[in-house]
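Readers should treat all values here as calculations from the given coordinates under stated rules, not as data from a laboratory. As the structure is a prediction and not an experimental result, all values here were calculated from the model. Positions of Cβ are generated from backbone atoms using ideal geometry, with glycine treated the same way; all protein chains shown enter the neighbour counts.
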């Protein structure tokens with residue numbers, strides 16, 4: 001992990017700010033790091049993300065309808081960006097909730 005951190009720090013120190021800086025940074029990460037960042041900690045977050053994407057695309061059950069979606073590359077990119085932002089938001093909310101639960105448990109321990 002420290003090797004990964006060093007690569008990331010080297011990248012950030014040497015890279016000039018451009019429109020593709022984030023993309024280049026993500027490309028510099030290892031597959032393991034990307035997989036870890038992409039995986040929600042709970043099935044609850046995964047279910048919320050799934051419902052959000054279904055809401056964006058439409059909620060017709062595939063067993064009763066032959067659903068086909070067509071879009072442009074630009075609109076698909078926007079949909080992907082929206083799904084990613086929702087995922088990051090939910091992941092941060094999940095981490096905050098877990099942090100607050102841990103903090104409350106710590107406070108209970110100290111007050112008892």
The range 69-104 scanned against label point 7 Å out from residue 38 along Cα→C-beta; backbone N under 15 Å for 80-81, 83-85, 87-88
Here, residue 95 and residue 57, labelled 7 Å along Cα→Cβ, have an inter-label distance in nm of 2.7 nm
Of the range 35-51, those with amide N under 15 Å from the point 7 Å along the Cα→Cβ vector of residue 69 are 49-51
In terms of the alpha carbon gyration tensor, root eigenvalues a ≥ b ≥ c, rounded if a/c is under 1.5 and otherwise prolate when a/b exceeds b/c or oblate, the range 42-112 is oblate
